[in-house]
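First comes the structure, then the notes that go with it.
The values are calculated or read from the model by the stated rules, or taken from the named source; none is laboratory data. Model, not experiment: these values are computed from the prediction. Cβ: placed from backbone, ideal geometry, glycine included. Neighbour counts: every protein chain shown.
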Amino acid sequence: MLIGRFCQLFHHQRSTVTFPKTLGFEKIENEAIKVLEENGFGVLTEINTKAVFKEKLGIEFDNYKIIGACNPTKAHQAISAMPEIGLLLPCNVIIYEKGEEIIVSAINPMSLFSIIDNSEMDSVAKEVHHMLSNTINSLKARLS
């Protein structure tokens, strides 16, 4: 039930920008990290899915990175209000190749947090959504 609801929300509630592959994956990744930091996020994790699939499965895969971004103030507010919210943290931003494009996407935390029943989370989710949307829009403006 929870997975189905998440998948339904995922397809409609995210901030996404697409770039031509000719800009280069590494350049887009580096700029995305800079823009995240400029918008109040720190990068806690970087998962190189391509490398993991190669190392663990021996499979070649397109570039695909999962960046775990966190705004410490907002994370503190969220965890203080509901410790279980840590299951949905940090905010993940994905960067991946699809055909001749490179896509950068972040989910809308308001949609993600809607799967829990805690009204205290609404304002935090709204603020983080605004911050992530600004991040994606800033990245688009910088690289377009």
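Here no strands (runs of 3 or more DSSP E) wholly within the range 46-144 include at least 2 residues being touching a helix residue (DSSP H, G or I) at 6+ places or on another chain (Cβ under 7 Å) and small (G, A, S). Please verify whether the range 124-143 includes one or more residues that are in contact with a Phe, Trp or Tyr (Cβ under 6 Å, 6 or more places away or on another chain), of a type in the set (V, I, T) and surrounded by 13 or more Cβ atoms within 10 Å (Cβ to Cβ). Scanning the range 124-143, I find no residue that is in contact with a Phe, Trp or Tyr (Cβ under 6 Å, 6 or more places away or on another chain), of a type in the set (V, I, T) and surrounded by 13 or more Cβ atoms within 10 Å (Cβ to Cβ), so the answer is no. Surrounded by 13 or more Cβ atoms within 10 Å (Cβ to Cβ), at pLDDT 95 or above and of a type outside the set (F, W, Y): does that describe I67? In short, yes.
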